[in-house]
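> Here it is, the structure, as structure tokens.
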Amino acid sequence: MGEETSPVLPRIRPVPWWIAPVFALLALVTAPWTVYLAVTLPQDIRTRNYRIAWVGFDIGLMVLLLLTAILAYRGQRHMVMTATATATALVIDAWFDMVTSPGGDELIVAVATALCGELPLTVLCLWIALQVDRLIARRLAQLERRAARGTRWRLRYRRR
């Protein structure tokens, strides 16, 4: 009798092959644009709609936080996307709070908010995304081992 080997699963690319070169090209094109902006943009500027820009951004951040909470409560794997988007928005919020503050007490509040609120929450969001990703990888590995053994398995669903 021959020794039974488990089937070799083909490597699956999570995205099409062209994604990496396109994004690398975009990064390269962005570099000279950023240098151009650094040289040509004014140091200070008065702007219209400053309040609505910040309120709109914070509403978007609220929506991301709420979506992450809802998907976490439901145990949805898509929470990876919302947690990552929330982390990104939090870093952007902290950055722009600090660089647009006029200084003095407002800068101190912006830095304190970033260090005590936004950045720790960013780390938590990224940890959540990583944990969900690891859980999915573990479950897929379990299913692969079961399939290789030829055992029957069934999915178990939680009832709410």
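> For the range 110-154, with all protein chains present and a 1.4 Å probe, just round the carbon and sulfur fraction of the accessible area to a whole percent. Walk me through the numbers before you get to the answer.
Values: 2120 of 3410 Å².
Here it works out to 62 percent.
> While we're here: Counting other Cβ atoms within 10 Å of each Cβ, which trypsin sites (Lys or Arg not before Pro) in the range 10-54 have at most 14 and sit in a DSSP loop?
Details: sites: Arg11, Arg46, Arg48, Arg51; in loops: Arg11, Arg46, Arg48.
Answer in residue order: Arg11, Arg46, Arg48.
> Projected onto the charge dipole of the chain (+1 at Lys/Arg Cβ, -1 at Asp/Glu Cβ, origin at the Cα centre), which of Thr30, Pro16, Thr86 gives the Cα projection farthest towards the positive end?
Of Thr30, Pro16, Thr86, it is Pro16.
> Okay, moving on. Could you work out how much longer the chain between Leu28 and Asp44 gets when fully extended? Use 0.36 nm per residue separation minus the Cα distance between them, nm to one decimal.
Numbers: separation 16, 0.36 × 16 = 5.76 nm, distance 2.75 nm.
So the extension gain works out to 3.0 nm.
> Let me ask another. Quick check for you: with a 1.4 Å probe and neighbouring chains kept, what is the accessible area per residue of the chain, in Å²? Provide the component values of the computation, followed by the final result.
Details: 13860 Å² over 160 residues.
So the chain comes to 87 Å² accessible per residue, rounded to a whole number.
> If you project the alpha carbons of the chain onto their three principal axes, what span does each projection cover, largest first, in Å?
Rounded to whole Å, the extents work out to 80, 43, 24 Å.
> Something else now. For the chain, with only Lys/Arg (+1) and Asp/Glu (-1) charged at the beta-carbon, what is the dipole magnitude about the Cα centre, in debye rounded to 20?
Values: 19 positive and 11 negative charges, 313 e Å.
Around 1500 debye, computed over the chain.
> Putting +1 on Lys and Arg Cβ atoms and -1 on Asp and Glu Cβ atoms, find which of Gly56, Val99, Ala147 reaches farthest to the positive end of the dipole of the chain.
The Cα lying farthest towards the positive end belongs to Ala147.
> Nearest 10 degrees, 0 to 90: what angle lies between the long axis of helix 104-113 and the longest principal axis of the chain (Cα atoms)?
So the helix axis and the longest Cα principal axis differ by about 10 degrees.
The values are calculated or read from the model by the stated rules, or taken from the named source; none is laboratory data. This structure is a prediction, so every number in the text was calculated from the model and none was measured. FYI the Cβ positions are ideal-geometry reconstructions off the backbone, even for glycines, and counts take in every protein chain you see. We work out accessible area using only protein heavy atoms, side chains counted, and drop any ligands, DNA or RNA first. Shrake-Rupley method; radii C 1.70, N 1.55, O 1.52, S 1.80 Å.
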